[in-house]
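So that we are looking at the same thing, I have put the structure below in structure tokens.
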């Protein structure tokens, strides 16, 4: 995974949005955190992992991956806001049901939101990365999907989304 490239791509998108919407001098951290949590909820909704009352299957993998990278956009953006950058490393395997993995991310996001500290950011990122692995996505899948969605986001800005 080329993290420096993804952070650069995210920085360019963030700067564009903040400039074009007159937000350069606003603290957008809480809005971005809420956006991340909303995207995480949308991802959970697409996996349907918590819907014990339904037999309908998960959305197709492409749709789930798209939701996953929507969250990744905000996770990268939150790091940029705090001057924090995730450094890829070997993560110990943690096998948990998807519901528990989602809840671990929500808890990690709350801790990071309170502290804005490196350790909490790394923990949040690691939990989010574990979710991607649990969903069956490779680094290449995630990076390619992120690039595609980043282009879509720029196109949306061109169209005054």
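Rank the residues 56, 149 as a footprinting-exposure proxy: fewest other Cβ atoms within 10 Å of their Cβ go first.
56, 149
Helix 139-158: angle to the longest alpha-carbon principal axis of the chain, degrees 0 to 90, nearest 10?
Result, in degrees: 40.
Report, to the nearest 10°, how far helix 118-134 tilts away from the longest principal axis of the Cα atoms in the chain, using its own Cα long axis and a range of 0 to 90°.
50
In whole Å, what is the distance between the alpha-carbon centres of the stretch 27-56 and the stretch 76-120?
Between the Cα centres of the stretch 27-56 and the stretch 76-120 lies a distance of 15 Å.
Which ordering of 68, 86, 7 is given by a fewest-first count of other beta-carbon atoms within 10 Å? Numbers along the way, then the final one.
Numbers: 68 26, 86 20, 7 17.
In increasing order of surrounding Cβ atoms, one gets 7, 86, 68.
Next up: Most exposed first by the Cβ proxy, i.e. fewest other Cβ within 10 Å, how do 34, 84, 72 rank?
On the way: 34 13, 84 20, 72 24.
So the residues, fewest neighbours to most, are 34, 84, 72.
In addition: Between 0 and 90 degrees, rounded to the nearest ten: what's the tilt of helix 61-82 against the longest Cα principal axis of the chain?
50
Taking just the alpha carbons, could you work out the radius of gyration and Dmax for the chain, both in angstroms?
15.5, 48
How high is the relative contact order of the chain, in percent, with contacts defined as C-alpha pairs under 8 Å that are six or more residues apart?
Working: 126 pairs, mean separation 50.5, N = 161.
Taking the mean separation of contacting Cα pairs over the length of the chain, I get 31 percent.
Rounded to the nearest 0.05, what FRET efficiency do residue 100 and residue 58 give with R0 = 22 Å and r taken as the Cβ-Cβ distance? Could you check?
Working: r = 17 Å, r/R0 = 0.75.
E(calc), rounded to 0.05, equals 0.85.
Values quoted throughout were computed directly from the atomic coordinates according to the rules given, and no laboratory measurement underlies them. If you're wondering where the values come from, they're calculated on a predicted model, not measured in any experiment. All Cβ positions, even for glycine, are placed from backbone atoms using ideal geometry, and neighbour counts span all protein chains on display.
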